[in-house]
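Below: the structure, in structure tokens.
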Amino acid sequence: MLRASLINGIGINLDADISKHIETLTDPGVFDGFIVANNNTISPGKAWVQATRTNGETVFVYVEMKSEFSFSLTDGKIWLEIKQEAIDNGLLNNEDWSGIASIKTWPTLPSQNFLLIASVAAGQVKDERSLIPKIQSVATRTTTLESKVEKSEKKIEKLEEHGASSCLE
């Protein structure tokens, strides 16, 4: 099942306001899954898709796919797409938020309301996901980087102590 949320027909401006908070923290992209395997299936996943309403207002839509998606494509693109009418009038949406997002395949991309997952050329799949790192992985990477910088600084100090500073310039 593929479901999308942050589309509320009762308080349509609320979606845009909440989206602005998300926009300040991240870009559209995949933060879990949507991996193409065996050139014919996409794994379950979670993503933020930016969509633009007819009035020009942008919203970030949370999309979650809970089961594998099978496809057949020799050349073209694979993407998540948000239906225009779903973001323009939330009252039309299903209560379980299904039917708002879909996975599409075609040689050319739409002009808006989509997130590219992969492209296929001559039967070979290229991962096109824009990955959003989770805060935990960013913290781990930062800690690792700080440790490497600290070790490098100590090594440079030792080189300077031994008169190798002229080689470092």
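In whole percent, and with a 1.4 Å probe on the protein chains, what portion of the accessible area of the chain is carbon and sulfur?
Numbers: 5570 of 10380 Å².
So the carbon and sulfur contribution to the accessible surface is 54 percent.
Quick check on my link table: of 20/148; 66/148; 134/155; 46/148; 66/104, which ones sit more than 27 Å apart, alpha carbon to alpha carbon?
On the way: 20/148 36 Å; 66/148 39 Å; 134/155 32 Å; 46/148 32 Å; 66/104 17 Å.
Distance filter (> 27 Å) returns 20/148; 66/148; 134/155; 46/148.
Using the heavy atoms of the protein chains alone and a 1.4 angstrom probe, what is the accessible area of the chain per residue in square angstrom? Could the numbers behind the result be given before it?
Values: 10380 Å² over 169 residues.
That works out to 61 Å² for each residue.
Just add up the charged neighbours of residue 26: K/R +1, D/E -1, any other residue whose Cβ is under 15 Å from the Cβ of residue 26. Walk me through the intermediate numbers first.
Details: positive: 20, 46, 129, 134; negative: 23, 27, 32.
Charge balance near residue 26 sits at +1.
Using a 10 Å cut-off on Cβ atoms, rank the peptides 104-110, 157-163 from the highest mean neighbour count down. Numbers along the way, then the final one.
Numbers: 104-110: 12.4, 157-163: 10.0.
Order by mean packing, descending: 104-110, 157-163.
What is the helix-to-structure angle for 135-161, meaning the angle in degrees between its Cα long axis and the longest Cα principal axis of the chain, kept from 0 to 90 and rounded to the nearest 10?
Between the helix axis and the principal axis of the chain, the angle is about 20 degrees.
Over the chain, what relative contact order in percent results from Cα pairs under 8 Å that are six or more residues apart? Show your work: numbers first, answer last.
Values: 300 pairs, mean separation 40.9, N = 169.
Contact order relative to length: 24 percent.
Which one is right for this structure if Rg and Dmax of the Cα atoms in Å is calculated from it: (1) 19.5, 68; (2) 22.0, 74; (3) 20.3, 58?
Entry (2).
The values are calculated or read from the model by the stated rules, or taken from the named source; none is laboratory data. Everything quoted here is computed from the prediction, not taken from an experiment. Note that we place each Cβ from the backbone using ideal geometry, even for glycine, and neighbour counts take in every protein chain shown. Accessible surface areas use protein heavy atoms only, side chains included; no ligands, DNA or RNA. Shrake-Rupley method; radii C 1.70, N 1.55, O 1.52, S 1.80 Å.
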